[in-house]
Structure formats: C-alpha cells, structure tokens
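Colleague: There's a structure below that I have some questions on.
Values quoted throughout were computed directly from the atomic coordinates according to the rules given, and no laboratory measurement underlies them. All of these numbers come straight from a predicted model, not from anything done at the bench. Neighbour counts are summed over all protein chains in view; Cβ atoms, including those assigned to glycine, are modelled from backbone coordinates with ideal geometry.
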Amino acid sequence: MRVVSLGLVVLSLAITITARADEPSSTFTPIFNGKDLAGWRGMPHFDPYKLAAMSADERAKKIEEWTADAKMHWTVDNGDLVNDGHGAYLASDKDYGDFELLIDYKTVAKADSGIYLKASPQVQIWDFTKEGGKWNLGADKGSGGLWNNSPGAPGKDPLVLADKPFGEWNSFKIIQVGARTTVYLNDKLVVDNAIMENFWDRKKPLPARGPLQLQTHGGEIRWKNIKLREIPADEANKILAKHADKEYKPLFDGKTLEGWAGPVDNYQVVDGSIVCKPGKGGAIYFNKEYGDFKARVEFKLPPGGNNGLAIRYPGSGDPAYAGMCELQVLDDDADKYAKLDKRQYHGSAYGMVPTNRGFQRPVGTWNYQEVTVKGSTIKVELNGNVILDTDLSKVTEYMANSPHPGKDRKAGFFGFAGHGDPVEFRNVAIKPLD
C-alpha cells in the first residue's frame, strides 16, 4: 500500500506562471494569489496522522473550525499575507511530495514562526538577536534550520547566520526530495540535504505527501511571493545522486555484464539497464566480495514486479537465506501481494525485518535507492526516505520460523535476486567502507 497522502482535503490553486530568469527553467505555481485566502485552510500544530484517522465528517468539521479561527487572524494587506501572531496556522489545501518552494517573509522583534513541511515542524524563523531572549534555544545561529530535528542531527542548526535586519524582507528557497531537505535563506545555504525528522513519529520517515503550513507564534509576520514547483521523478533522482557520497565505483558499464557472475544468461542489457528476462531469474552478482559498503542503484518495476538486492551473498544458494539478506524489490501495490507477510514488502530484510512502506514511485517510474551495510546493520534509503534501519544481529523471530543462517556473514557479493519479472536496474555503484 503506497501512502500518497495523509487523507487531507485537496484543493489546488491552478494558476501557473513561467519562472523568472533567475529561477530554475521550469514552471512555478503561485499558492497565494495576493488577494485572499483561496487555496488555504486553518490547521494548528496538530498530528496529521490523527487527522487522517478521523471520519470524513469529523475531519471536515475540525478543518471548518480551524479555518474560521484562522480567518480572524490572517488578512491580506497590499498583496501581503499577514498574521497578527495568533490563531490557527495556515495550511495549503494541496498536499505536496517532492518540490521546490520560494517564499518571502518579514517579521518583527521577539517573533517566532516557521514553515511546516508535509505537516511536520519545521523550517525555523525567529528573532536572532540577544534581545529576543532565545539564544539558549539556538536563536543566535539564525533562521532556516530544521529546529525539531534531534540535538546534533544534521540540519537542526543553520550552517550560517543569514537573517536580514528587522523591517527587511527575507527570502527562502526550500528544496525537498523525500525527507531530504535543502534550505537557502537570502541566497545563503543554511541546510544542506539533511534528513528532516518526522516530529510526529521519529521511527518513520516524513509522509510521502503533505501540506505546507505557515506558523503563527506571538508576533506579526508577513509573507509574499509564495510559489512552488513540483519536482518530477527523474530530476529528484538526479538531486539525490548529486548529494550522494563520492568515491562510488560503478559496477555496471551500461552496455555489458562484464564483471558479473552467476546465471548471467538469464539477464540482458536493454537501453543501459540490467533486466531480468521474463520467466528467468536467479542471483547474479558482481564478482568481488565486500564487507562494509554503501551501494546505490536506480530501479524500475513493471506491474507486479519482484526482485531483490543480494547482500553479502556467498555465490550460491538462496540470497535471502544463504546471504546476509535479500533486500526485497517489489511492487507493493500489486493485488497479488496484498496479503504478504509485512517482512516481504519492498526494502524489507526479507523474512526478518519489515520496512516503512509507501515511498515507491509509481510503477514504470525510476526509483533511487541507497543501501548502507556496516557490521550487522543495514540502512535503506528510498527516494530520499530512510525506510529501513536495523541490526540483523538482534533478529530472533523469522517469517514462517525459517532460520537465516547467512545473516551473520561478514562479507560477500552484491547482486540481484531475480524472480522471473523484467525489473530494471541502472546506475549501479558501490563504495567500500572497510
């Protein structure tokens, strides 16, 4: 089941304009029209999972109450969206996944505000002066950080102080791919591709989609020039690859299966991708053993597609059992897989540890995945979202009570575990960590 929304009401302000010359060469959509609150509703600091769990009638009533409150505190003044420092926050009617947001703001001394992304707090805005009284909370470092990240986590504190003096407009550019968040404040990089933690449940990634929220917090704040472009999958994958660790070694030249072993005749190279032949399969692997490593790969699933990543594979046997594990590659939305064990869905350490579901791109679209293997631990990041982070040495219960004798292997091969479906792989690379 792919989670594409938290069930929030979706209304889109469908006005599209061409980007300015200094903006990326794509289109942005204004999400504030400079005249009224069309496209926005009220929503305070409230758990979006609880909102989604309500009945449609309960949810509509709650949103109506919040919106009525917001209208008492939000106005439009000469094209600016103005809040008096009180009342419910404003939330976009539309949910967003991967996007680039441009937004300007101006605030006053001792104010404290922010921008919620996918209904989660927040890109911080506050009084950075000593007189503001919040240096003990990090205000001296300035605005733009992901303030609700854990202490010491990347992104929590801005990289530089970039705020302008009170009375002047500040400009944000926020790029979010999955949970990976980059923030520029007044053209200065303040957050560099950091994972934004899910405030509501830190064991899960941010939701795949969710609304933007403009926070109110005790002082007047003005907003203008609010516009957004949704980032398509191919661009999102390039952004993730650009920020990936360096020193990866390609394992596939895009033309041949040179360097690969196993039943390579069951696979073929098509348009720069490794493809399992329909009805064929078996585990193929790059013929060099690795202990600790990071691997990255793009994959594309056909409807009902099933494959896997063989981790520390010994070169024979079933990768899910003889190897450290098989990381499942699966079309989670296929009807035929609706009743699988939760340890069988995409990204799971097959038969041992379940994943966080709902972060695949639609079938037929390329996905970007990174895998980090250190000692007995495995982390899987799919499309910018950490969907698995586990220690296999602590696993004591197995699907169908079937043991996994290879799970404690210290080294082995990396490869693909085909199951007869034409799943495609490209941009396959690895970085040894030992």
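Colleague: Dividing the Cα convex hull volume of the stretch 86-158 by residue count, how many Å³ per residue is that?
Modeller: Details: hull volume 8.3 nm³, N = 73.
Measuring per residue, one finds 114 Å³ for the Cα hull of the stretch 86-158.
Colleague: Based on the inverse mean of 1/r over its pairs of different Cα atoms, what is the Kirkwood hydrodynamic radius of the stretch 249-318, in Å? The partial results should precede the final answer.
Modeller: On the way: mean 1/r = 0.0756 Å⁻¹.
Its Kirkwood hydrodynamic radius stands at 13.2 Å.
Colleague: Stick to the Cα atoms of the stretch 129-241, pair each with every other, and give me the Kirkwood hydrodynamic radius in Å at one decimal. Please list the in-between numbers first.
Modeller: Numbers: mean 1/r = 0.0642 Å⁻¹.
Taking the inverse mean of 1/r over all distinct Cα pairs, the stretch 129-241 comes out at 15.6 Å.
Colleague: How much mean residue ellipticity at 222 nm does the chain get from its helices, if each DSSP H run of length 4 or more adds -39500 (n - 2.57) and you divide by all residues, to the nearest 500 deg cm²/dmol?
Modeller: On the way: 4 runs with 36 residues, N = 434.
Here the helix-only value at 222 nm equals -2500 deg cm²/dmol.
Colleague: Angle, helix 233-243 long axis vs. longest principal axis of the chain, Cα atoms, 0 to 90°, nearest 10?
Modeller: The helix 233-243 is inclined about 90 degrees to the chain.
Colleague: Please state, to two decimals, what the Cα-based radius of gyration of the stretch 238-432 comes to when divided by 2.2 N^0.38 Å (N = residues).
Modeller: Working: Rg = 15.1 Å, N = 195, 2.2 N^0.38 = 16.3 Å.
Taking the Cα Rg and dividing by 2.2 N^0.38 Å, one obtains 0.92.
Colleague: Just need log10 I(q)/I(0) for the stretch 385-434 at q = 0.16, 0.26, 0.29, 0.31 Å⁻¹, Debye formula, equal scatterers on the alpha-carbon atoms, no solvent, rounded to two decimals.
Modeller: Those come out to -0.84, -1.22, -1.18, -1.19, one per q.
Colleague: Any idea what angle helix 56-70 forms with the longest principal axis of the chain, computed on alpha-carbon atoms, 0 to 90 degrees, nearest 10?
Modeller: With rounding to tens, the tilt is 40 degrees.
Colleague: Within the chain, what's the longest run with no trypsin sites (Lys or Arg not before Pro) in a DSSP loop and at most 12 other beta-carbon atoms within 10 Å? Give the range, please. Show your work: numbers first, answer last.
Modeller: On the way: sites that count: 20, 35, 202, 203, 246, 255, 339, 410.
With a cap of 12 other Cβ atoms within 10 Å, the longest stretch comes to 36-201.
Colleague: Now for a separate question. Contact order normalised by length for the chain, with contacts defined as Cα pairs under 8 Å and 6 or more residues apart; what percent is it?
Modeller: Numbers: 1116 pairs, mean separation 72.6, N = 434.
Averaging sequence separation for qualifying contacts and normalising by length gives 17 percent for the chain.
Colleague: Skipping prolines and chain starts, which residues have an amide H placed within reach, meaning under 5 Å, of the one on residue 284, given they are 5 or more residues away or on another chain?
Modeller: Excluding prolines and chain starts, which carry no amide H, the hits are 416, 418.
Colleague: Please report Rg (one decimal) and Dmax (integer) in Å for the Cα set of the chain.
Modeller: 23.6, 71
Colleague: Also: Taking one equal scatterer on every alpha-carbon of the stretch 332-373, how large is log10 of I(q)/I(0) by Debye at q = 0.15 1/Å?
Modeller: Computed log10 I(q)/I(0) values: -0.40.
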